[in-house]
1. Taking the 0 to 90 degree range and rounding to the nearest ten, how far is the long axis of helix 331-348 tilted relative to the main principal axis of the chain, both from C-alpha atoms?
2. Just the number, please: carbon plus sulfur as a percent of the accessible area of the chain, 1.4 Å probe, no ligands or DNA/RNA counted.
3. How large is log10 I(q)/I(0) at q = 0.12 Å⁻¹ when the Debye formula is applied to the Cα atoms of the stretch 93-180, each weighted equally and without solvent?
4. Share of Cα-Cα pairs in the stretch 94-138 beyond 12 Å, in percent?
5. Take the alpha-carbon centre of the stretch 150-209, take the same for the stretch 48-83, and report the distance between them in whole Å.
6. Choose one answer from 95, 124, 38: the residue with the largest mean-square fluctuation in a GNM of the chain with alpha-carbon springs under 10 Å.
7. Give me the 1.4 Å probe accessible area per residue for the stretch 10-312, excluding ligands and nucleic acids, in Å².
8. Relative contact order (percent) for the stretch 10-312, with alpha-carbon contacts under 8 angstrom and 6 or more residues of separation?
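The values are calculated or read from the model by the stated rules, or taken from the named source; none is laboratory data. The model shown is predicted, which means the values in this text are computed figures rather than measured ones. So basically every Cβ, Gly included, is an ideal-geometry build from the backbone, and we count neighbours across all protein chains shown. We work out accessible area using only protein heavy atoms, side chains counted, and drop any ligands, DNA or RNA first. Shrake-Rupley method; radii C 1.70, N 1.55, O 1.52, S 1.80 Å.
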Amino acid sequence: MGEGERFQLGTVGALTLSVVSSVSIVICNKALMSSLHFIFATTLTSWHLLVTFCSLHLALKMRFFEHKAFEQKAVVGFGILNGISIGLLNLSLGFNSVGFYQMTKLAIIPCTVLLETLFLGKKFSKRIQFSLSILLMGVGIATVTDLQLNALGSFLSFLAVITTCVAQIMTNTIQKKYKVSSTQLLYQSCPYQAATLLIAGPYLDKLLTDQNVFGFKYTTQVTVFIVLSCLISISVNFSTFLVIGKTSPVTYQVLGHLKTCLVLAFGYTLLQDPFSWRNIMGILLAMVGMILYSYYCTLENQQKAIEAAAQASQAREGESDPLINLEKGSGTVTDSVGHMSPVWSKDKD
């Protein structure tokens, strides 16, 4: 199996792991929050990150991966920014209607495209832009219902979009710049993400729910679901870094909207959630956008691979031509040597 095939197989595995784990944790958290009334989302996320760090530390001790130190400023800044973005997304949901929150999530893709174009010089073809437009339109139709605006909620949503985009772009660029794996980056940034949310989480949850997470009655059933959620989160956090590192922040967001569609479909088929033709049409349109995005990305990656191979082949031919000509007694090489001989002789004299 060639290196390219191994990379593609790894990418497919990362995408699959991300979808399965994310859909699983949404189902688990929905049962935890809706049925068992544990509504402290930010604090729960901090526990997720803490458990993820502990599991990675154990894996490091068992030599499943190697620790690789790199610039501490980048790690600390990245970890804190990730924690802040999670907190802001939760605040955005708390201070806005569900429909406006969904619009906030939809805005992450165009914002990421804009930031990568302006600051990283990345180019997105018209085909990719078209497929992303179809995708966003479909998800919008399927998920956005009411749009109630308020100044504070809109400002929090704006901050949430910016911090999320920057954090996801950094996830990709840090892995490439410092040549660290997704596991190494997650291991080093997890403590700072967890610390940020462990400190801020109880206050944010108190602000949003008017309840104290430490005053909640933790029954056996609630505890079991919290532990299960934390265990699934290990896979969610790992696959997030893995997908962004192997693909791009935009692809990760596209994958996120696929998860949204799957969760909606799951809720309709198994949980008998309310559904309408608008939801169905939106999901189908979103799926068309995802298929087009995947198809165009594959085409462009193949084209880049062919161009890179052609350039490498030309470079090899350019290096080998003089040797071939010399062996054949080519006039060009002979003449060049003949013209240069007197110069060498003069230098020696």
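1. Computed tilt is about 80 degrees.
2. Accessible surface attributable to carbon and sulfur in the chain totals 67 percent.
3. At q = 0.12 Å⁻¹ the computed log10 ratios are -0.44.
4. Tail of P(r) above 12 Å: 67 percent of Cα pairs.
5. 14
6. Maximum among the listed residues: 124.
7. 50
8. Computed value for the stretch 10-312: 38 percent relative contact order.
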